Amino acid sequence: MLVLIPGPLRQTTGNQAKLEVDLPESATLGALLDHLAARFPLLDRRLRDEQSGLRRYVNFYVDGEECRRLSGSDTELTPNTEVQILPSVAGG
């Protein structure tokens with residue numbers, strides 16, 4: 001599967017914009033985040049809170065659908081899934 005990393009988070013992945021990840025057929029978004037946490041601990045701190053919940057101001061799109069409209073971290077993934085991570089931007 002392909003994970004798209006936005007510019008503000010790339011310093012946590014060695015400046016990689018795209019990550020190819022191989023997970024089992026029955027993987028979930030949570031399993032993907034566990035895998036990424038093992039490889040990129042600093043990225044994990046930006047994506048999940050202390051209880052491993054999805055951070056409120058980070059959006060995860062699974063094949064174009066916001067994961068909170070699906071099953072959150074239990075959203076099922078396939079080997080061809082594209083996950084896009086988008087931190088919310090605030091300002092005024």
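Please enumerate the residues belonging to region 36-86 that are over 21 Å from SER26 (Cβ atoms), touching a Leu at 6+ places or on another chain (Cβ under 7 Å) and acidic (Asp, Glu). ASP44, the sole residue that qualifies. Check whether at least one residue in region 47-62 is of a type in the set (Asp, Glu), on the phi < 0 side of the Ramachandran plot and surrounded by 12 or more Cβ atoms within 10 Å (Cβ to Cβ), and report yes or no. No, region 47-62 has no match at all. Tell me, yes or no, whether region 52-59 has at least one residue that is within 15 Å of ASN80 (Cβ to Cβ) and either over 12 Å from the mean Cα position of the chain (by Cα) or modelled with pLDDT under 95 (or both). No, that holds for no residue. With the structure loaded, tell me whether LEU70 is surrounded by 13 or more Cβ atoms within 10 Å (Cβ to Cβ) and more than 11 Å from the chain's Cα centre (by Cα) or whether it fails that test. For LEU70, the condition - surrounded by 13 or more Cβ atoms within 10 Å (Cβ to Cβ) and more than 11 Å from the chain's Cα centre (by Cα) - is met. Remark: SER73 matches the filter, which requires a residue to be touching a Cys at 6+ places or on another chain (Cβ under 9 Å) and small (Gly, Ala, Ser). Each residue in region 10-33 was checked for being in contact (Cβ under 8 Å) with a residue 12 or more places away in the chain, within 24 Å of PRO79 (Cβ to Cβ) and either surrounded by 18 or more Cβ atoms within 10 Å (Cβ to Cβ) or not small (Gly, Ala, Ser) (or both), and 14 pass. Within region 2-26, being at pLDDT 95 or above and closer than 22 Å to ASN80 by Cβ holds for LEU2, VAL3, LEU4, ILE5, PRO6, THR13, GLN16, ALA17, LYS18, LEU19, GLU20, VAL21.
Exactly one residue out of LEU86, LEU4 is touching a Pro at 6+ places or on another chain (Cβ under 8 Å) and touching a residue at least 60 places away in the same chain (Cβ under 8 Å): that is LEU86. Checked against the criterion of being at negative phi, modelled with pLDDT under 95 and touching a helix residue (DSSP H, G or I) at 6+ places or on another chain (Cβ under 7 Å), region 28-37 has no qualifying residue.
The values are calculated or read from the model by the stated rules, or taken from the named source; none is laboratory data. Every value quoted in this text rests on a predicted model; they were computed, and no experiment measured them. Note: ideal-geometry Cβ built from the backbone for every residue, glycine included; neighbour counts use all protein chains shown.
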